[in-house]
Amino acid sequence: MKALWIALANLRRMFRTRANIFFAFVFPMLLILVLGATFGGSSTPRLGVVSARSGALGAALVRQLQRTPQLKVVSVADPASLLTEVERGNVAAGIVIPPDYDRAVRTGHTAAVRYLARPDQSSQQLGETVRGAVAEQAILLGAARFAVAEGSAASFGAALTRTSQISPELPAVSVRETTAGTALFPQTLGQFDEGAWTELLLFLFLIALTSAAALIETRRLGLSQRMLATPTSPATVIGGEALGRVLIACVQALVIILGSALLFGVRWGQPAGVAAVVILYACAGAGAGTLVGTLFRNESQAAGISLLLGLGLGALGGCMVPLEVFPPAMKRIAHLTPQAWGNDAFDKLVGHGASITGVLPQLGVLALFAAVLLSLAAWRLRRVLAA
């Protein structure tokens, strides 16, 4: 019971400071929003279109683009405004249909449709979508011209109307896509899902490490010695300090999980599996934070080392760059950190819909990290308290 009261005192102490509340709860949510909006895989790209005075064929091309799945077409007033929108990232790319598009095409002349985009991979992929829509219209135009040349139609307009009527009745070419093995980035993964679990792992461990400064302050103020002067054993003090850091991490995780689910629609997967990963990961972080708190004599040293260690392990463990893009050798090194195993567990739970039995290997490794770090922390803290 005394250990629980020590833990609750640490919890109140942690969240009594406004800066701690910001970095534990608000800042991770802001990063989830930014990462999801910038790199989220399931967002619908926006295509800006300038089509003023382009005629009926220009309007038909716009409708063709609007029928394209997973694409949002946005009307823009003029080419200069479209260029500004592309440069600012308000649209992924844009096209300019010339004002004389309809007349040029009907008279057999060439009409150039300009494509504006930033030099990145998503823009190039969107360019293929635009070229596909233009090519589909070009097929109809070519068929109409052929009909006129062969005398099957009296005019180009009549031939185009007829080809447009026949085209939907023709058998389409079907393409079936399959993935060999397991998909690295599942289609079911939401826009904010991966950013949510990576930031959860990053900040749980980071806050646990920076709490080492509070442990040093407790020793410096003589609070530990006062507790030991009462009928309180060193084991109770050690257990209370470690449990306090676990409680802090669990409260932080609960707020981030519920907040991201409500605000961003993140689907966290099976609750039992998520709870098991969070608790074991929190235990590992608590052990690391307590251990760091026994290795330094002042708060400034501990705070600086904890920040560098937390960010470094987070980057190495895949909390800043997905583990899927790591080369094989680097991926093996990354799995020397608990962050990598936490990422693997959440990838299965969130990305592939696994249950708790599907992440048992990851849970086992996280339990090993927790046992080793908590044992080392207890050993070091016992020696410090006895000194």
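The values are calculated or read from the model by the stated rules, or taken from the named source; none is laboratory data. This one's a predicted model, so the numbers in the text were calculated from it and none came from an experiment. Here the Cβ positions follow ideal geometry from the backbone for every residue, glycine too, while neighbour counts run over all protein chains shown. Side chains are part of the model used for accessible areas, which takes the heavy atoms of the whole protein and leaves out ligands, DNA and RNA. Shrake-Rupley method; radii C 1.70, N 1.55, O 1.52, S 1.80 Å.
In table form, for the structure just shown:
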| read-out | value |
| --- | --- |
| Percent carbon-and-sulfur accessible area, the range 292-331, ignoring ligands, DNA and RNA, probe 1.4 Å | 74 |
| Cβ-based charge dipole, the chain, positive-most Cα from 228, 218, 126 | 228 |
| Karplus-derived HN-Hα couplings along the range 373-380 (A = 6.51, B = -1.76, C = 1.60, θ = phi - 60°), whole Hz, x at Gly and Pro | 5, 5, 5, 4, 5, 5, 4, 5 |
| 3J(HN,Hα) from dihedral phi, the range 119-125, Karplus parametrisation 6.51/-1.76/1.60, rounded to Hz, x for glycine, proline | x, 10, 5, 5, 5, 5, 5 |
| Amide H contacts of residue 321 (H built 1.01 Å from N, under 5 Å, at least 5 apart or other chain) | none |
| Read-out volume of the Cα convex hull per residue in Å³, derived from the coordinates shown; its label in (i) 172; (ii) 141; (iii) 324 | (i) |
| Heavy-atom accessible area per residue - the chain, 1.4 Å, Å² | 52 |
| Contact order normalised by residue count of the range 138-284, Cα under 8 Å, 6+ apart, percent | 23 |
| Karplus-derived HN-Hα couplings along the range 62-67 (A = 6.51, B = -1.76, C = 1.60, θ = phi - 60°), whole Hz, x at Gly and Pro | 5, 5, 4, 5, 5, 7 |
| Sulfur and carbon atoms: percent of accessible area, the range 78-176 [1.4 Å] | 55 |
| Dipole magnitude of the chain, debye to nearest 20 (Cβ charges: Lys/Arg +1, Asp/Glu -1, about Cα centre) | 1220 |
| Label-reachable residues, the range 157-174, where backbone N falls under 20 Å from a point 7 Å from residue 109's Cα toward its Cβ | 157 |
| Selection from 98, 35, 237, by position along the positive dipole direction of the chain (Cβ) | 237 |
| Sequence ranges 246-254, 233-241, 85-93, ranked by mean other-Cβ count within 10 angstrom, highest first | 246-254, 233-241, 85-93 |
| For residue 74, residues with placed amide H under 5 Å, excluding near neighbours | 47, 48, 49 |
| Nearest-10 value in Å² for the accessible area of residue 348, using the 1.4 Å probe | 70 |
| The range 67-132 versus the range 329-348: alpha-carbon centroid distance in Å | 41 |
| Per-residue [θ]222 nm for the chain (sum of -39500 (n - 2.57) over DSSP H runs n ≥ 4, rounded to 500) | -21000 deg cm²/dmol |
